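As structure tokens, the structure follows; a few thoughts come after it.
The values are calculated or read from the model by the stated rules, or taken from the named source; none is laboratory data. Only a predicted model underlies this, so the values are computations on that prediction, with no experimental measurement involved. Please note: Cβ atoms are built from the backbone with ideal geometry, for glycine as well, and neighbour counts cover all protein chains shown. Calculation scope for accessible area: heavy atoms of the full protein, side chains included, ligands and nucleic acids excluded. Shrake-Rupley method; radii C 1.70, N 1.55, O 1.52, S 1.80 Å.
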Amino acid sequence: EHQKHMFEWTKAEVEALNKQQTNHITFLDVGGAHFHTCTEILQRRGDHLLSVLSSNVFSQEAEKDTTYAFIDRDSKWFGCVLDYLRGEPVEIPVDDRRRNAIWREARYYNLPGLCRQARRYCKAHIVVIGGADE
């Protein structure tokens, strides 16, 4: 009888802990890849798209029958975004194409600090749009 009582007590404790942890996890579907992270991580580094998305200020469009919020972006670089939000070093590639891809993602999510990290090693480019009136 004592073992049964201890089992039921432990089971209830585990279920309560699991429910508590699940309430603080945000589930994201980034370009078809699923990411699970603590909501607190997404709230770091000021106001940006992910902090707003995880704040519940706006209702989220989630896939039917799941709790995943869909973000239509390339999932390949999303790990770098999460590393940045976690405060971990972000390994910025030397290759211009990949570095620019990280910069684009950082710009999309409105993470100026990550933008600066990605641009730190970029060569300056001048883009002229339009032309002289004739």
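Things to note:
- Hits in the range 74-95 (condition: without any contact (Cβ under 8 Å) to a residue 40 or more places away in the chain and within 18 Å of GLN43 (Cβ to Cβ)): VAL81, ASP83, TYR84, GLU88
- Number of the exception - GLY131 against (1) open to solvent by less than 70 Å² (accessible area, probe 1.4 Å); (2) at pLDDT 90 or above; (3) not acidic (Asp, Glu): (2)
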